[in-house]
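Below: the structure, in structure tokens.
The values are calculated or read from the model by the stated rules, or taken from the named source; none is laboratory data. From a predicted model like this one, the values you see are computed outputs, not experimental measurements. In this analysis, Cβ positions are derived from the backbone assuming ideal geometry, glycine residues included, and neighbour counts consider all displayed protein chains.
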Amino acid sequence: MSSRKREPMSATTSASKVDDTEVLLHRCAGGDRMAFRLLYDRWGDRLYGLALRITRQTAPAADATQDAFVQIWQQAHRFDPERGNPEAWLIGIVRYRALDIVRRQSREVPGYEPEEIEDEAPDALARLVSTAEGAALQRCLGELEHDRRRLVVMAFVDGLSHSELAERMRVPLGTVKSWIRRSLISLRGCLAS
Amino acid sequence: MSDAPDRDLLAAEYALGSLEGEERRDAERLLAADPAFARSVGAWQQRLTPLAAHVAPVAPPADLWRRIEAGITPATATIVPFRRRVRFWQATTVGALAVAASLAAFMVLRQPEQPRVAVLSPLAGGAPVLMALAERGGGLVVRPTASISVPTDKDLELWALPQGETRPRSLGVLPPSGRTLVAQLAPNTQLLVSLEPKGGSPTGQPTGPVLYGGWLTTIELPRG
């Protein structure tokens with residue numbers, strides 16, 4: 001396996017971390033189990049946290065995370081750094097698995113009350129704007145009305161479907177769909193500018 | 001605003017995760033069939049992923065790495081993953097013998113030594129609810145074959161009771177979705193599942209009703 005010569009590491013922590021993940025994925029693609037373990041050590045907590053937030057129960061969250069890592073191992077050779085950053089790739093895999101699980105079985109968790117997102121929580125906001133993409137997204141989300149911004153964030157973070165969002169926001173399903181579409185159109189325009 | 005279908009918008013909704021029902025299935029079909037749509041989904045994934053910063057990391061269960069490792073053993077790459085098979089069985093409600101037979105077929109590829117299988121059924125009688133597969137290396141995979149509901153203030157606990165003994169040994173709490181663990185089990189061992197207080201029996205012996213049980217039996221493997 002020919003490992004291509006890499007650019008010098010960037011000075012910022014977040015960039016070098018992403019770069020490390022890319023190196024680990026590259027090594028996983030070559031069948032390096034030690035690299036896979038390092039990838040798990042680095043990403044296990046984050047991916048499990050995301051799965052838990054969506055499934056809201058530990059057993060399906062563990063299932064989703066397990067499936068995601070097996071898929072990461074098997075598909076590592078298909079990760080293309082030209083197409084995007086490894087963080088989005090890894091997070092995408094676990095989110096789709098978790099969403100698969102909750103969409104297939106309607107969520108019936110007696111007594112469960114999902115916590116409200118404080119969409120201006122300072123530490124979350126600090127993490128969000130710590131990358132250029134995050135800062136741009138935050139700026140563009142800021143152009144949306146408060147309720148619409150909340151819809152987008154809740155859909156992504158909690159994995160809520162259109163009808164779950166409608167129930168939560170106490171607005172008709174059609175309204176939720178149209179708010180989400182308009183918000184996404186607005187984000188698309190704002191992020192392209 | 002135009003009402004014409006906007007595929008990039010469907011890709012955005014898919015990446016956001018809010019689609020459900022027929023719309024979600026449409027997006028999945030497109031994702032598999034249309035590379036341009038897949039690129040749109042990927043681009044939206046990139047745009048929206050910073051939102052993941054809202055979610056705090058959580059330490060996964062201690063046995064998760066072992067489960068992942070078990071899922072990437074070299075031979076499994078060429079065969080249907082175990083879990084998917086279990087789902088398939090659940091979906092097709094095959095009988096316990098057919099289940100055991102497919103397990104054996106699966107194990108021919110993965111584990112040349114003779115595996116042992118237990119089908120756990122309600123002690124009061126009825127269809128099997130759990131299957132266990134004991135690998136020679138000490139791995140024990142327990143998976144539901146039917147949906148199990150457990151009261152929120154209770155846990156299931158798994159026990160091993162070797163033939164001739166009277167006190168079962170705890171193998172730990174058993175989530176309704178199943179568990180993979182490591183346990184050295186004597187040749188003739190019965191697996192039992194009891195209903196216990198949250199977190200498992202406080203005494204080290206079953207305190208609640210024993211719901212399910214089954215014997216580990218060796219599967220005869222086809223030759224060649």
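Every residue in region B:140-165 that is among the small types (Gly, Ala, Ser) and crowded, with 17+ Cβ neighbours inside 10 Å, please.
B:ALA160 - this is the single residue of region B:140-165 that is among the small types (Gly, Ala, Ser) and crowded, with 17+ Cβ neighbours inside 10 Å.
Just to be sure before I move on: is B:ALA15 touching a residue at least 24 places away in the same chain (Cβ under 8 Å) and surrounded by 23 or more Cβ atoms within 10 Å (Cβ to Cβ) in the structure I sent?
Criteria met by B:ALA15.
Please verify whether B:PRO144 is more than 16 Å from the chain's Cα centre (by Cα), on the phi < 0 side of the Ramachandran plot and in contact (Cβ under 8 Å) with a residue 12 or more places away in the chain, treating the condition exactly as stated.
Values: more than 16 Å from the chain's Cα centre (by Cα): no; on the phi < 0 side of the Ramachandran plot: yes; in contact (Cβ under 8 Å) with a residue 12 or more places away in the chain: yes.
Considered against the rule, which asks whether it is more than 16 Å from the chain's Cα centre (by Cα), on the phi < 0 side of the Ramachandran plot and in contact (Cβ under 8 Å) with a residue 12 or more places away in the chain, B:PRO144 comes out as no.
Would a scan of region B:115-124 turn up a residue that is loosely packed, with under 13 Cβ neighbours inside 10 Å, of a type outside the set (D, E, K, R), under 19 Å from B:LEU211 (Cα atoms) and modelled with pLDDT of 80 or more?
No; the residues of region B:115-124 include none that is loosely packed, with under 13 Cβ neighbours inside 10 Å, of a type outside the set (D, E, K, R), under 19 Å from B:LEU211 (Cα atoms) and modelled with pLDDT of 80 or more.
Exactly one of (1) within 9 Å of another protein chain (Cβ to nearest Cβ); (2) under 12 Å from the mean Cα position of the chain (by Cα) is unmet by A:GLY84. Its number?
(2)
List every residue pair whose Cβ atoms lie under 8 Å apart, where the two residues are 6 or more positions apart in sequence or sit on different chains, the first residue falls within region B:49-74 and is more than 7 Å from chain A (Cβ to nearest Cβ) and more than 19 Å from B:LEU174 (Cβ to Cβ), and the second residue, located anywhere, is hydroxyl-bearing (Ser, Thr, Tyr) and part of a helix (DSSP H, G or I).
none
Filter region B:17-48 down to the residues that are under 27 Å from the mean Cα position of the chain (by Cα) and either of a type in the set (Lys, Arg) or at the interface with chain A (Cβ under 8 Å from one of its Cβ atoms) (or both) and list them by number.
Correct list: B:GLY17, B:SER18, B:LEU19, B:GLU20, B:ARG24, B:ARG25, B:ARG29.
Which of the helices (runs of 4 or more DSSP H) found entirely inside region A:132-193 contain at least 3 residues meeting this: free of Cβ contacts under 8 Å to residues at least 60 places away in the same chain, facing chain B (nearest Cβ under 8 Å) and under 17 Å from the mean Cα position of the chain (by Cα)?
It comes to A:132-141, A:146-158.
May I ask you to verify whether B:LEU9 is in a helix (DSSP H, G or I) and either modelled with pLDDT of 85 or more or crowded, with 20+ Cβ neighbours inside 10 Å (or both)?
yes
Tally up the residues in region B:168-186 that are of a type in the set (A, V, I, L, M) and in a strand (DSSP E or B), please. Even if it seems obvious, please write down each step before you answer.
Looking only at region B:168-186, we keep the residues that are of a type in the set (A, V, I, L, M), and these are B:171, B:173-174, B:181-183, B:185-186.
If we keep only those that are in a strand (DSSP E or B) too, we end up with B:171, B:173-174, B:181-182.
Count: 5.
I'm trying to understand the selection: among the residues of region A:56-72, which are surrounded by 23 or more Cβ atoms within 10 Å (Cβ to Cβ) and either closer than 15 Å to A:VAL23 by Cα or without any contact (Cβ under 8 Å) to a residue 12 or more places away in the chain (or both)?
A:GLN66, A:ILE72
Could you check region B:166-198 and list, in sequence order, the residues that are out of contact with any strand residue (DSSP E or B) (no Cβ under 7 Å at 6 or more places or on another chain) and surrounded by fewer than 15 Cβ atoms within 10 Å (Cβ to Cβ)?
B:THR166, B:ARG167, B:GLN184, B:PRO187
Checking the structure you have, find out if any residue of region A:42-55 is over 25 Å from A:THR131 (Cα atoms), within 14 Å of another protein chain (Cβ to nearest Cβ), buried (at least 16 other Cβ atoms within 10 Å of the Cβ) and at pLDDT 90 or above.
Within region A:42-55, the first condition is being over 25 Å from A:THR131 (Cα atoms), and the residues that meet it are A:55.
Next, only the ones that are within 14 Å of another protein chain (Cβ to nearest Cβ) stay: A:55.
Remaining after also requiring buried (at least 16 other Cβ atoms within 10 Å of the Cβ): A:55.
Imposing the further condition that a residue be at pLDDT 90 or above reduces the set to A:55.
Scanning region A:42-55 turns up at least one residue that is over 25 Å from A:THR131 (Cα atoms), within 14 Å of another protein chain (Cβ to nearest Cβ), buried (at least 16 other Cβ atoms within 10 Å of the Cβ) and at pLDDT 90 or above.
Restricting to region B:53-67, what's the tally of residues that are part of a helix (DSSP H, G or I) and in contact with a Leu (Cβ under 6 Å, 6 or more places away or on another chain)?
Residues that pass the stated criteria total 1.
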